[in-house]
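Asker: This is the structure I have questions about; it appears just below.
The values are calculated or read from the model by the stated rules, or taken from the named source; none is laboratory data. What you are looking at is a predicted structure, and each value in this text was computed from that prediction instead of being measured. Positions of Cβ are backbone-derived with ideal geometry, glycine not excepted, and every protein chain shown enters the neighbour counts. With ligands, DNA and RNA removed, areas are computed over all heavy atoms of the protein, side chains included. Shrake-Rupley method; radii C 1.70, N 1.55, O 1.52, S 1.80 Å.
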Amino acid sequence: IAMPAAHKGAISFGLVHIPVALHTATQDNDIHFNQLCKEDMSRVRYKKVCASCGKEVTTKDIIKGFEYEDGKYVTVSDEEFERIKTEKDKSIQILHFTDLANIRPIYYDKTYHVVPEKGGEKAFELLRQAMKQEGKVAIAKTVMGNGEKLLTIIPTEQGILIETMFFADEIKELPKEVPHADVNDAELTMAKTLIGSMDKEFEPEQYHDEYQVRLRELIEKKIQGKEIVTPVDDVENNVIDLMEALRASLAQTDDTPPKKTTRKKTRKGA
């Protein structure tokens, strides 16, 4: 079933405008729980209630208001939000190109698949190929909902991704200065050797949420009335000396035979 686009606009690249649709690229697979009353196991529900009259209100009865003084508000309608958007706001305006390595991962927020709309296929492919061959990504801006978003446009083998980004003033500083302790050459060499022994290609299909599997097993056991037993952790963590810990880690990687894994087929473009 085709899912509706999360956002529609046009990538503006000089005088070229490429109509596109943005589709969310990730999904939440976590197990979710309902909140229950401890006494009678009834569902706990949250209601939107007017602070003045105490009556429950529905979505159609709610408007957006900004509190400019204590208890004083100005309201803004959806039509007024749209009215202040310029054509530039509605487009995905490319500001400049850069190397992906120039962007710190802390700035990334949410990922979207970008799909060309009818009539924009050739310009879309031209942009994708040109950026891919030049090894560049694009920095862009647009308005999504009621807020302006900074974006990174990233070409891939299959298409184009867009990452929404935080602005610089939204990034928090380190809570405290991280100390840079002295390390000697022997420790550094051993650490690099350990890194080298664990170096391999990233294959995302090989990784799974193992905790969610155990959580599902716990739920099934509780449904069947079985006892819950805490699994035994077979990892020993009694090495104190840093060099000894590195040596033990290297020995562990040398002795561990490669795991046989069965590759799962993944959807193209995933």
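Asker: Here is a list: 186, 168, 191. Which entry is closer than 30 Å to residue 149 by Cβ and touching a helix residue (DSSP H, G or I) at 6+ places or on another chain (Cβ under 9 Å)? Please lay out each step first, then the result.
Answerer: Values: 186 fails: closer than 30 Å to residue 149 by Cβ; 191 fails: closer than 30 Å to residue 149 by Cβ.
So the residue among 186, 168, 191 that is closer than 30 Å to residue 149 by Cβ and touching a helix residue (DSSP H, G or I) at 6+ places or on another chain (Cβ under 9 Å) is 168.
Asker: Another one. Which residues, counting only those in segment 241-259, are modelled with pLDDT under 80 and in a helix (DSSP H, G or I)?
Answerer: Initially, segment 241-259 is screened for residues modelled with pLDDT under 80, giving 253-259.
Within segment 241-259, 253, 254, 255 meet the criteria.
Asker: Looking at (1) modelled with pLDDT under 90; (2) basic (Lys, Arg); (3) within 30 Å of residue 25 (Cα to Cα), find the lone condition where residue 226 falls short.
Answerer: All conditions pass for residue 226, except number (3).
Asker: Got at least one residue in segment 104-119 being under 30 Å from the mean Cα position of the chain (by Cα), in contact (Cβ under 8 Å) with a residue 12 or more places away in the chain and part of a helix (DSSP H, G or I)?
Answerer: For segment 104-119, residues under 30 Å from the mean Cα position of the chain (by Cα), in contact (Cβ under 8 Å) with a residue 12 or more places away in the chain and part of a helix (DSSP H, G or I): present.
Asker: So residue 14 passes all but one of these: (1) at pLDDT 90 or above; (2) open to solvent by less than 100 Å² (accessible area, probe 1.4 Å). Which condition number does it fail?
Answerer: Among (1) at pLDDT 90 or above; (2) open to solvent by less than 100 Å² (accessible area, probe 1.4 Å), the lone unmet condition for residue 14 is (1).
Asker: Out of 167, 124, report the one residue that is at pLDDT 95 or above and either among the acidic types (Asp, Glu) or farther than 20 Å from residue 23 by Cβ (or both). Walk me through it before giving the result.
Answerer: On the way: 124 fails: either among the acidic types (Asp, Glu) or farther than 20 Å from residue 23 by Cβ (or both).
Of the residues listed, the single one that is at pLDDT 95 or above and either among the acidic types (Asp, Glu) or farther than 20 Å from residue 23 by Cβ (or both) is 167.
Asker: While we're on this one: Considering each residue of segment 41-82, count those that are more than 21 Å from residue 145 (Cβ to Cβ) and assigned to a strand (DSSP E or B), and give that number.
Answerer: Of the residues in segment 41-82, 6 are more than 21 Å from residue 145 (Cβ to Cβ) and assigned to a strand (DSSP E or B).
Asker: All but one of (1) in contact with a strand residue (DSSP E or B) (Cβ under 8 Å, 6 or more places away or on another chain); (2) free of Cβ contacts under 8 Å to residues at least 40 places away in the same chain hold for residue 83; state the number of the condition that does not hold.
Answerer: Result: residue 83 passes all but (1).
Asker: Here is a follow-up. Looking at segment 89-121 only, could you name the residues that are farther than 30 Å from residue 172 by Cβ and either open to solvent by 80 Å² or more (accessible area, probe 1.4 Å) or touching an Asp or Glu at 6+ places or on another chain (Cβ under 9 Å) (or both)? Even if it seems obvious, please write down each step before you answer.
Answerer: Taking segment 89-121 first, the residues farther than 30 Å from residue 172 by Cβ are 90-91, 115-121.
The answer is 90, 116, 118, 121.
Asker: Being surrounded by 10 or more Cβ atoms within 10 Å (Cβ to Cβ) and either under 31 Å from the mean Cα position of the chain (by Cα) or at positive phi (or both) is the filter here; which residues of segment 43-67 pass it?
Answerer: Those that are surrounded by 10 or more Cβ atoms within 10 Å (Cβ to Cβ) and either under 31 Å from the mean Cα position of the chain (by Cα) or at positive phi (or both): 48, 62, 63, 64, 65.
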